[in-house]
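The values are calculated or read from the model by the stated rules, or taken from the named source; none is laboratory data. None of the values given here were measured: they were computed from a predicted structure. Please note: Cβ atoms are built from the backbone with ideal geometry, for glycine as well, and neighbour counts cover all protein chains shown. What goes into the accessible areas is simple: the full protein's heavy atoms, side chains included, and nothing from ligands, DNA or RNA. Shrake-Rupley method; radii C 1.70, N 1.55, O 1.52, S 1.80 Å.
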Amino acid sequence: TPMGVLSCIKYLMFIFNVLVFAGGTCLLGVGVWVAVDPAGFQDIVATKAVLRAGAYLLLAVGIALTLLGFLGCCGALRRSRPLLLV
């Protein structure tokens, strides 16, 4: 049964990394949307400088999470320890 447990852990890690990848992609999409069309968010945010900084922050976090989720998925499928440590 140890092989069954390892297989289960592998698939759980893959699913978790897919969720991280999806969340990063969503943040990246919202960041692009705010950077391209900030008019819809000006009612919520008082100053334009805060809106612009928030858009770039969303872009940076979205790119980082997408990359980490992708590398985690590859590491889980290949059972690669260096990819999982990233």
- Tell me which residues, restricted to segment 1-37, are among the small types (Gly, Ala, Ser) and under 17 Å from residue 75 (Cα atoms). 7, 22
- Log entry, pairs with first residue in segment 63-74 being more than 19 Å from residue 32 (Cβ to Cβ), second being open to solvent by 80 Å² or more (accessible area, probe 1.4 Å) and among the aliphatic types (A, V, I, L, M), beta carbons closer than 9 Å, six or more apart or on different chains, reads 71/86; 72/86
- Task: Specify the residue that is modelled with the lowest pLDDT; the eligible residues are those in segment 35-86 that are farther than 30 Å from residue 9 by Cα and of a type in the set (Lys, Arg).
- Result: 48
